[in-house]
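Everything below concerns the one structure shown next.
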Amino acid sequence: MKSLALKTDWNEVLRREWGHPLAHESGHALAAILQGISCYGIYWRKGLGVGKFCALSPDPAEFNRKYFVFMAAGSAVELLTYGSYDEDVARSDRVPFERSDEGLAWALSRID
Ligand SMILES: [Zn+2]
């Protein structure tokens, strides 16, 4: 007997459900490697009801240019891959920029 269930397109499910978070964290991980920042991989952080993917790297003693590249790379890869990025996810990555004169100057120098 043939199954009447519709065939699930798992590539589409993966893209729709996890594409942005995985592209985002992959951007952080790649930037970490390119900037010489230790990165121990991408992991799932449990949350209250909802969790999230995170790139695991040590907290810097101070933010400098290479860490700003690392922080910006997550949303940059989403933007390059999908043409948009998750604003809620990007918000926490912007905090170091907003707290640092160097980070703000670096970010502004990238805007043309
Ligand atoms: Zn991020």
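Please find, within segment 32-74, the residue that is surrounded by the most Cβ atoms within 10 Å (Cβ to Cβ) out of those that are aliphatic (A, V, I, L, M) and at pLDDT below 90. Ranking the candidates gives Ala55 first.
Does Arg91 meet the test of being exposed (fewer than 15 other Cβ atoms within 10 Å of the Cβ) and touching a helix residue (DSSP H, G or I) at 6+ places or on another chain (Cβ under 9 Å)? Before you say what the answer is, go through the steps one by one.
Values: exposed (fewer than 15 other Cβ atoms within 10 Å of the Cβ): yes; touching a helix residue (DSSP H, G or I) at 6+ places or on another chain (Cβ under 9 Å): no.
Answer is no for this residue.
When Val77 is tested against the conditions (1) surrounded by fewer than 17 Cβ atoms within 10 Å (Cβ to Cβ); (2) within 12 Å of the ligand (Cβ to nearest atom); (3) touching a residue at least 40 places away in the same chain (Cβ under 8 Å), the lone failure is (1). Applying the set (1) modelled with pLDDT of 85 or more; (2) surrounded by fewer than 17 Cβ atoms within 10 Å (Cβ to Cβ); (3) within 21 Å of Pro96 (Cβ to Cβ); (4) not basic (Lys, Arg) to Asp9 leaves exactly one unmet item: (3). Just so you know, in segment 80-112 the residues that are near the ligand (Cβ under 9 Å from one of its atoms) and of a type in the set (Gly, Ala, Ser) include one that is farthest from Glu17 (Cα to Cα), and it is Ser92.
For segment 36-58, what are the residues that are more than 14 Å from the ligand (Cβ to nearest atom) and part of a loop (DSSP other than H, G, I, E, B)? Give the derivation first.
Going through segment 36-58, the residues more than 14 Å from the ligand (Cβ to nearest atom) turn out to be 36, 38, 40-41, 44, 46-51, 58.
The answer is Gly36, Ser38, Tyr40, Gly41, Lys46, Gly47, Leu48, Gly49, Val50, Gly51, Pro58.
For the condition among the hydrophobic types (A, V, I, L, M, F, W, C), in a helix (DSSP H, G or I) and more than 14 Å from Ala23 (Cα to Cα), Val69 qualifies.
Among the candidates Glu12, Glu62, the residue that is of a type outside the set (Val, Ile, Thr), outside any loop (DSSP other than H, G, I, E, B) and more than 10 Å from the ligand (Cβ to nearest atom) is uniquely Glu12. The criterion of being at pLDDT 85 or above, surrounded by fewer than 19 Cβ atoms within 10 Å (Cβ to Cβ), among the hydroxyl-bearing types (Ser, Thr, Tyr) and within 16 Å of Ala90 (Cβ to Cβ) holds for Ser26.
The values are calculated or read from the model by the stated rules, or taken from the named source; none is laboratory data. A quick note: this is a predicted structure, and the numbers were derived from the prediction, not measured. Note that we place each Cβ from the backbone using ideal geometry, even for glycine, and neighbour counts take in every protein chain shown.
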